[in-house]
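Here's the structure, in structure tokens; my notes come after.
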Amino acid sequence: MASGSRTLWNGAITFGLVHIPVGLHTAATQEGINFDWLDKRTLDPVGYKRVNKRTGKEIDKHNIVKGVEYKEGKYVIIDPEEIEAVFPKTTHTIEIERFVDAAELPFIYLERPYFVAPLDKSDKVYALLREALIATGKIGLAKVVIATKQHLAALVPSGPALVLNLLRWGDEVRTLDSLELPPAGKKGVTSAELKMARQLIDEMSGEWDPDDFKDEFRLRVMKLVEKKARAGKAKTVIQPQEQAPESAKVIDLTALLKNSLKGGKAPARAKSKTAPKKAARNANAKKESRKKAA
């Protein structure tokens with residue numbers, strides 16, 4: 001299942017003295033409809049601009065700073081160096097801090113799943129952890145850093161795989177205090193009403209099969225797109241090409257990485273063969289300008 005996909009993250013599951021090398025693979029995709037913005041007069045793509053909301057004028061990215069609103073209308077400016085200093089350190093470990101009963105985790109905390117696959121001949125210990133979780137009915141609560149962001153996550157057995165499901169933090173889930181809900185329990189519900197409700201649920205019950213459920217909106221929109229395309233109503237949108245820098249050079253990234261690991265400096269760039277010619281042209285241009293001035 002995950003073996004044919006690209007590994008997004010390499011690291012290890014750790015708890016106690018156990019260390020299981022693993023890789024993360026995307027376990028979900030988003031198949032919604034992406035409506036691109038186009039200029040209806042020319043069908044040119046429409047992009048986004050950095051605009052000052054008060055003046056309405058576009059501003060350069062160098063004039064943008066990051067601020068946090070701590071009170072209405074009051075901001076504290078945070079420098080990039082200060083942000084970097086508090087970034088979580090990437091340890092490449094799924095560090096299990098606690099095992100809890102699987103039934104204790106509310107669905108509302110689940111956010112994004114990843115398949116976890118064993119690496120470096122860790123199949124046996126991987127299978128041992130998976131089977132132990134199944135036997136005990138437990139899941140592992142862990143912390144993991146992915147793309148400079150720290151996440152709370154649940155390590156859950158799912159068939160032959162372990163799934164790492166990123167969770168929402170406790171303060172990201174709203175409380176029920178602002179909702180007017182009927183009190184928990186059977187108070188206010190008669191036995192006859194409960195019996196009819198259970199009978200209806202039994203009649204509509206079945207096995208879980210994800211193929212039974214489709215995104216009807218996406219399917220209908222795509223059928224409409226295909227129909228209009230077959231009718232010759234498709235339009236060609238020309239994407240603007242970005243010009244490459246004139247003096248683009250190929251950098252040996254491997255050499256840079258090796259040098260970084262050794263704690264050395266980046267290798268000096270090779271002098272351009274065209275540098276002497278360019279210098280000569282500049283010198284001639286200066287001579288010509290002096291002659292004209294004279």
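The values are calculated or read from the model by the stated rules, or taken from the named source; none is laboratory data. Bear in mind that the values here come from a model prediction, so they are computed numbers and not experimental data. All Cβ positions, glycine included, derive from the backbone under ideal geometry; neighbour counts span all protein chains shown. For accessibility, only protein heavy atoms count, side chains too; no ligands or nucleic acids. Shrake-Rupley method; radii C 1.70, N 1.55, O 1.52, S 1.80 Å.
Does LEU128 count as touching a Phe, Trp or Tyr at 6+ places or on another chain (Cβ under 9 Å) and not polar (S, T, N, Q)?
Values: touching a Phe, Trp or Tyr at 6+ places or on another chain (Cβ under 9 Å): no; not polar (S, T, N, Q): yes.
Considered against the rule, which asks whether it is touching a Phe, Trp or Tyr at 6+ places or on another chain (Cβ under 9 Å) and not polar (S, T, N, Q), LEU128 comes out as no.
List the pairs whose first member sits in the range 163-186 and is open to solvent by less than 50 Å² (accessible area, probe 1.4 Å), whose second member is in a loop (DSSP other than H, G, I, E, B), and whose Cβ atoms are under 7 Å apart, counting only residues at least 6 apart or on separate chains? If the second residue must be in a loop (DSSP other than H, G, I, E, B), the pairs left are VAL163/ALA27. Cβ separations smaller than 6 Å between residues 6+ apart or across chains give the following pairs from the range 6-29 residues that are under 19 Å from ARG98 (Cβ atoms) and assigned to a strand (DSSP E or B) to residues that are open to solvent by less than 60 Å² (accessible area, probe 1.4 Å) and among the small types (Gly, Ala, Ser): HIS19/ALA12; ILE20/ALA12; ILE20/SER122.
Condition check: of a type in the set (Ser, Thr, Tyr), at pLDDT below 80 and assigned to a loop (DSSP other than H, G, I, E, B). Does SER247 satisfy that?
Details: of a type in the set (Ser, Thr, Tyr): yes; at pLDDT below 80: yes; assigned to a loop (DSSP other than H, G, I, E, B): yes.
It is true that SER247 is of a type in the set (Ser, Thr, Tyr), at pLDDT below 80 and assigned to a loop (DSSP other than H, G, I, E, B).
With respect to the conditions (1) surrounded by fewer than 20 Cβ atoms within 10 Å (Cβ to Cβ); (2) within 22 Å of the chain's Cα centre (by Cα), PHE115 falls short on a single one, namely (1). Specify the residue that is modelled with the lowest pLDDT; the eligible residues are those in the range 27-61 that are closer than 23 Å to ARG218 by Cβ and among the polar types (S, T, N, Q). The residue in question is GLN30. Residue pairs whose Cβ atoms lie under 9 Å apart, separated by 6 or more positions or on different chains, with the first residue in the range 100-123 and closer than 12 Å to THR7 by Cβ and the second outside any strand (DSSP E or B) and open to solvent by 60 Å² or more (accessible area, probe 1.4 Å), are TYR114/LEU8; PHE115/MET1; ALA117/MET1; ALA117/SER3; PRO118/LYS124. Which residues, taken from the range 43-99, are in contact (Cβ under 8 Å) with a residue 12 or more places away in the chain and among the aromatic types (Phe, Trp, Tyr)? Those that are in contact (Cβ under 8 Å) with a residue 12 or more places away in the chain and among the aromatic types (Phe, Trp, Tyr): PHE87, PHE99.
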